[in-house]
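Everything below concerns the one structure shown next.
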There are 6 protein chains.
Amino acid sequence: MSDKNRLDQFREEREIMNEKVMDLDHLGIKRFFNMDTNTYRDGALPKQTKELLGLVASAVLRCNDCIDYHLEQCAKTGSTKAEIVDAMNVALIVGGSIVIPHLRHATNTLELLEEEGTLKTV
Amino acid sequence: MSDKNRLDQFREEREIMNEKVMDLDHLGIKRFFNMDTNTYRDGALPKQTKELLGLVASAVLRCNDCIDYHLEQCAKTGSTKAEIVDAMNVALIVGGSIVIPHLRHATNTLELLEEEGTLKTV
Amino acid sequence: MSDKNRLDQFREEREIMNEKVMDLDHLGIKRFFNMDTNTYRDGALPKQTKELLGLVASAVLRCNDCIDYHLEQCAKTGSTKAEIVDAMNVALIVGGSIVIPHLRHATNTLELLEEEGTLKTV
Amino acid sequence: MSDKNRLDQFREEREIMNEKVMDLDHLGIKRFFNMDTNTYRDGALPKQTKELLGLVASAVLRCNDCIDYHLEQCAKTGSTKAEIVDAMNVALIVGGSIVIPHLRHATNTLELLEEEGTLKTV
Amino acid sequence: MSDKNRLDQFREEREIMNEKVMDLDHLGIKRFFNMDTNTYRDGALPKQTKELLGLVASAVLRCNDCIDYHLEQCAKTGSTKAEIVDAMNVALIVGGSIVIPHLRHATNTLELLEEEGTLKTV
Amino acid sequence: MSDKNRLDQFREEREIMNEKVMDLDHLGIKRFFNMDTNTYRDGALPKQTKELLGLVASAVLRCNDCIDYHLEQCAKTGSTKAEIVDAMNVALIVGGSIVIPHLRHATNTLELLEEEGTLKTV
């Protein structure tokens with residue numbers, strides 16, 4: 001499996017499994033997923049800023065899947081690579097060296113997002 | 001490797017590695033493992049309820065191996081799929097969206113437990 | 001301040017502050033609070049079991065306010081002191097000695113709930 | 001002690017204790033504090049955004065002192081109350097109901113910052 | 001209440017509450033407390049080193065009561081102030097700035113231990 | 001892939017990714033990495049003790065990559081297998097059964113370090 005496939009495979013599995021979670025047919029879970037999506041919509045803060053907040057929260061709580069998801073959303077909402085890396089630095093200082101393996105993971109994901117043209121580098 | 005094998009492989013590796021942990025021959029570690037087993041025996045609360053407690057604790061602390069172990073124990077002690085999913089919903093609300101990747105993982109494990117006939121669906 | 005007042009004061013401050021959180025008038029926050037309340041209603045699992053799940057989740061995540069809230073709900077939904085203590089033991093084993101200060105706190109809260117007649121001891 | 005005094009007392013104790021931490025005269029600790037300060041300076045992201053990131057990281061990691069510090073910095077760097085509350089909502093969804101006691105605390109701090117004129121409400 | 005009283009009060013309340021936890025009369029909890037005590041006895045590693053390990057674990061998991069307990073044990077088993085501060089620096093780097101409020105707390109406790117003559121400063 | 005390769009592959013990927021993190025060219029991140037390295041140098045505490053502290057911190061925070069790194073450093077700085085296992089026991093008691101999957105992982109890593117001659121067994 002090439003590195004490129006890691007990100008594509010994550011997206012595919014995430015979508016399939018999210019559907020299976022919906023198929024569990026639990027109203028509370030369905031409502032949570034709905035609310036989760038709404039959280040990152042434009043509000044008092046724009047979606048772009050909220051995706052950066054979601055990224056840093058995911059990084060200090062050390063969840064690679066959540067980091068990958070928010071990295072992609074950050075890229076899509078127009079944050080540059082330098083801005084995303086600056087946000088990851090905040091996560092590193094707040095969360096400490098235990099965040100470093102996730103910083104390595106995020107660096108690889110940024111590389112993949114750059115290769116496929118999702119991430120602006122300038 | 002098929003999905004079916006994921007659960008079987010987990011069980012096998014878990015057992016082999018637990019034996020190797022015992023072979024470290026540390027009295028404190030041995031006593032902890034013994035106490036851990038005793039914790040889920042019938043007491044003031046029945047084993048079935050305590051396995052649900054172990055599941056939710058594992059989910060909010062976000063440990064897939066622990067989730068898989070307790071999902072199997074929940075199924076074996078007679079909790080239905082609907083009850084287990086209802087317990088996972090508590091974990092999701094208490095622990096937040098950072099629990100979602102583990103909910104996806106648990107959903108896949110429930111599917112495997114259902115396929116092999118360990119989990120009651122009615 | 002007597003110990004009795006600790007629990008009463010917590011209830012009062014919690015209610016006042018929850019109202020102020022509502023007054024922030026953020027739709028996402030309001031919906032989360034609403035969903036949180038619904039989570040513990042009777043479903044596939046009865047409210048009584050879900051309050052025990054909420055207690056253990058709160059204990060391993062080490063939040064005294066959450067522990068106090070769920071202890072009261074556990075008592076009100078009919079769990080006995082012995083059952084609640086058995087649930088706390090699961091939290092102690094899963095979460096480790098770092099949970100002990102919260103076990104001390106919970107023990108004090110149980111004492112207060114017993115004194116005021118909220119907790120069944122038999 | 002009035003509520004107003006809670007925030008003033010926090011600031012005073014924080015400053016005194018930070019000086020005592022410096023007096024420990026450990027080079028590594030001194031360098032960490034220096035780096036921590038630099039992290040929130042204008043960079044690829046402006047200080048204002050980074051303070052919001054620090055706030056959300058503090059909220060999901062559930063540290064009231066850190067929350068209070070970043071709330072003040074958010075207010076001082078020009079984030080409005082509505083923007084700060086929107087950021088706290090992200091923390092609530094990512095971190096779950098275990099964040100609620102900290103949301104109550106933050107709501108009280110916002111009130112104090114508003115009363116003393118540090119926080120813009122429009 | 002003077003600062004000196006903070007540490008004395010902690011010791012007193014801790015002892016009273018530990019006895020009440022024992023009075024809950026739950027075998028699993030009693031065994032856990034017994035095992036916890038045994039963990040820090042001389043073994044392959046001396047008690048002095050294990051208390052430093054307990055301190056760092058408590059600091060990165062951010063529990064002030066646990067930090068205070070292990071600080072006292074570190075002092076009693078002969079670790080100097082400089083050694084304890086060096087251990088706290090490891091906790092700060094691994095755990096990040098979220099550990100800082102606990103570093104402030106520990107600095108105050110070290111001061112109290114020094115004043116009462118429990119801590120060696122040379 | 002054999003078990004032996006797991007450790008070698010981790011070392012190689014870790015080094016490659018650390019270089020890519022440096023290539024992100026963020027001054028704050030570079031300084032953090034530098035400080036992280038300095039933390040474990042001989043100071044008031046010897047490097048050997050600080051690597052044990054880093055190991056226990058990594059174990060209670062449940063990061064396998066961090067555990068593997070510190071296990072190797074502990075072995076290289078002269079800690080014996082029995083001493084390392086005794087340190088892991090402290091992590092197990094403080095962090096609870098949620099640490100067990102990481103204890104299994106560490107046991108496997110110790111085995112690999114022993115096979116390649118990095119770890120002293122006497």
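Per-structure values
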{"quantity": "Among residues of region D:28-53, those that are more than 14 Å from D:SER79 (Cα to Cα), hydrophobic (A, V, I, L, M, F, W, C) and assigned to a helix (DSSP H, G or I), counted", "calculated": "4"}
{"quantity": "Subset of region A:45-59 [in contact (Cβ under 8 Å) with a residue 24 or more places away in the chain and either open to solvent by less than 10 Å² (accessible area, probe 1.4 Å) or among the aromatic types (Phe, Trp, Tyr) (or both)]", "calculated": "A:GLU51, A:LEU52, A:LEU55, A:VAL56, A:ALA59"}
{"quantity": "All positions within region A:19-30 that are open to solvent by less than 30 Å² (accessible area, probe 1.4 Å) and touching a Ser or Thr at 6+ places or on another chain (Cβ under 9 Å)", "calculated": "A:VAL21, A:GLY28"}
{"quantity": "Among (1) more than 12 Å from chain B (Cβ to nearest Cβ); (2) assigned to a helix (DSSP H, G or I); (3) without any contact (Cβ under 8 Å) to a residue 60 or more places away in the chain - the single one C:GLY78 does not satisfy", "calculated": "(2)"}
{"quantity": "Total residues in region A:6-18, condition of a type in the set (S, T, N, Q) and open to solvent by 50 Å² or more (accessible area, probe 1.4 Å)", "calculated": "1"}
{"quantity": "Test result for D:VAL21, β-branched (Val, Ile, Thr) and away from chain A (no Cβ under 14 Å)", "calculated": "yes"}
{"quantity": "Where F:ASP68 falls short, out of the listed (1) more than 30 Å from B:VAL56 (Cβ to Cβ); (2) of a type in the set (Asp, Glu); (3) touching a helix residue (DSSP H, G or I) at 6+ places or on another chain (Cβ under 7 Å)", "calculated": "(1)"}
{"quantity": "Any hit, region B:61-73, residues being at the interface with chain C (Cβ under 10 Å from one of its Cβ atoms), part of a helix (DSSP H, G or I) and within 12 Å of the chain's Cα centre (by Cα)", "calculated": "yes"}
{"quantity": "Residue in region E:110-117 that is over 23 Å from A:LEU92 (Cβ atoms), under 15 Å from the mean Cα position of the chain (by Cα) and open to solvent by 10 Å² or more (accessible area, probe 1.4 Å) present", "calculated": "yes"}
{"quantity": "Pairs where the first residue, in region F:99-122, is without any contact (Cβ under 8 Å) to a residue 12 or more places away in the chain and the second is open to solvent by less than 20 Å² (accessible area, probe 1.4 Å) and β-branched (Val, Ile, Thr), C-beta under 7 Å, 6+ apart", "calculated": "F:ARG104/B:VAL21; F:THR107/B:VAL21"}
{"quantity": "Test: residue in region A:31-44 that is surrounded by fewer than 24 Cβ atoms within 10 Å (Cβ to Cβ), under 24 Å from C:LEU27 (Cβ atoms) and either among the small types (Gly, Ala, Ser) or within 14 Å of chain E (Cβ to nearest Cβ) (or both)", "calculated": "yes"}
{"quantity": "Flag if B:VAL56 is closer than 25 Å to A:ASN64 by Cβ, away from chain D (no Cβ under 14 Å) and in a helix (DSSP H, G or I)", "calculated": "no"}
{"quantity": "C:VAL90, sole failed condition from (1) open to solvent by 30 Å² or more (accessible area, probe 1.4 Å); (2) part of a helix (DSSP H, G or I)", "calculated": "(1)"}
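The values are calculated or read from the model by the stated rules, or taken from the named source; none is laboratory data. A quick note: this is a predicted structure, and the numbers were derived from the prediction, not measured. Counting neighbours? That spans all protein chains shown, and the Cβs are built from the backbone with ideal geometry, glycine included. Each accessible area value is taken on the protein alone, full model and side chains, heavy atoms only, with ligands, DNA and RNA left out. Shrake-Rupley method; radii C 1.70, N 1.55, O 1.52, S 1.80 Å.
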